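The values are calculated or read from the model by the stated rules, or taken from the named source; none is laboratory data. Please read these numbers as outputs of a predicted model, since none were measured by experiment. Don't worry about glycine lacking a Cβ; one is built from the backbone with ideal geometry, like all the others, and counts go over all protein chains shown.
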Amino acid sequence: MSNLKPLPIVLAAAVALGVAATLLSLRGEPGFDAVRLGPWSSWPRLGNSEIDPYARAVSAVEGALPLGGAEGLAFIAQVDETGSPLDARCDYQISGAAPPARFWTLTAYDSAGRLRTNIAERYGLTSAALLRSADGAFSITAAREARPGNWLPLGEKSRFILVLRAYQANTSALASAFEGLTLPTITRGLCS
């Protein structure tokens, strides 16, 4: 009987370790199949039947409703082209060619995934409303203060993320479909 005394302690430690490991796996990125294109990341299987159990759990815990595979893809940027975290105390140029999609949006969120409050009460831009050059390229300035042209207000909190949603995108859920795909660059400008 003396050998059974440590059993409740071992069981409690095992349960605590299991719960801690589960909670840790539910933080951060939603799944294992991330596709990275410069500063942008996407999880193409997040919205279809091939979703892995960890990604499904993260989506459930966060209350996220990902785009379905036939609807499009979401790309998230937490860093700029140099790998530095996005910070609203700095200005950013988001520029390049449009993603291969019928329609797309660019939205700024805080680090917890909530819309950023800002004085303009504008939370994102759409591909239909952008000013473009003759070749179809665009340039968006993300900054706290208003800028001429395509301006994405950032609000006052410092850290933020950008989400680019491409609707009816010409890609599939396979990572090989992303080879050669280019997304807009995110270049840091002046910081205050």
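Remark: pairs (first residue in segment 101-112, within 24 Å of Leu181 (Cα to Cα); second residue among the hydroxyl-bearing types (Ser, Thr, Tyr) and modelled with pLDDT of 90 or more; Cβ separation under 6 Å; 6+ apart in sequence or on different chains) = Phe103/Ser127; Trp104/Ser127; Thr105/Thr126. Scanning segment 84-102 for residues that are modelled with pLDDT of 85 or more and part of a loop (DSSP other than H, G, I, E, B) returns Ser84, Leu86, Ala88, Arg89. Taking the listed residues Ala128, Ala112, the one that is loosely packed, with under 13 Cβ neighbours inside 10 Å and modelled with pLDDT under 90 is Ala112, with no other qualifying. If the condition is being closer than 16 Å to Ser139 by Cα and buried (at least 16 other Cβ atoms within 10 Å of the Cβ), then segment 69-89 contributes only Asp80. A count restricted to segment 137-152 and to residues that are of a type in the set (S, T, N, Q) and more than 15 Å from Arg188 (Cβ to Cβ) stands at 1. Please verify whether segment 163-182 includes one or more residues that are outside any strand (DSSP E or B) and at pLDDT 85 or above. No, that holds for no residue. Residues of segment 104-117 include none that is on the phi > 0 side of the Ramachandran plot and out of contact with any helix residue (DSSP H, G or I) (no Cβ under 9 Å at 6 or more places or on another chain). Candidates in segment 103-143 are the residues that are part of a loop (DSSP other than H, G, I, E, B), hydrophobic (A, V, I, L, M, F, W, C) and more than 19 Å from Ala77 (Cα to Cα); of these, the one that is farthest from the chain's Cα centre (by Cα) is Ala134.
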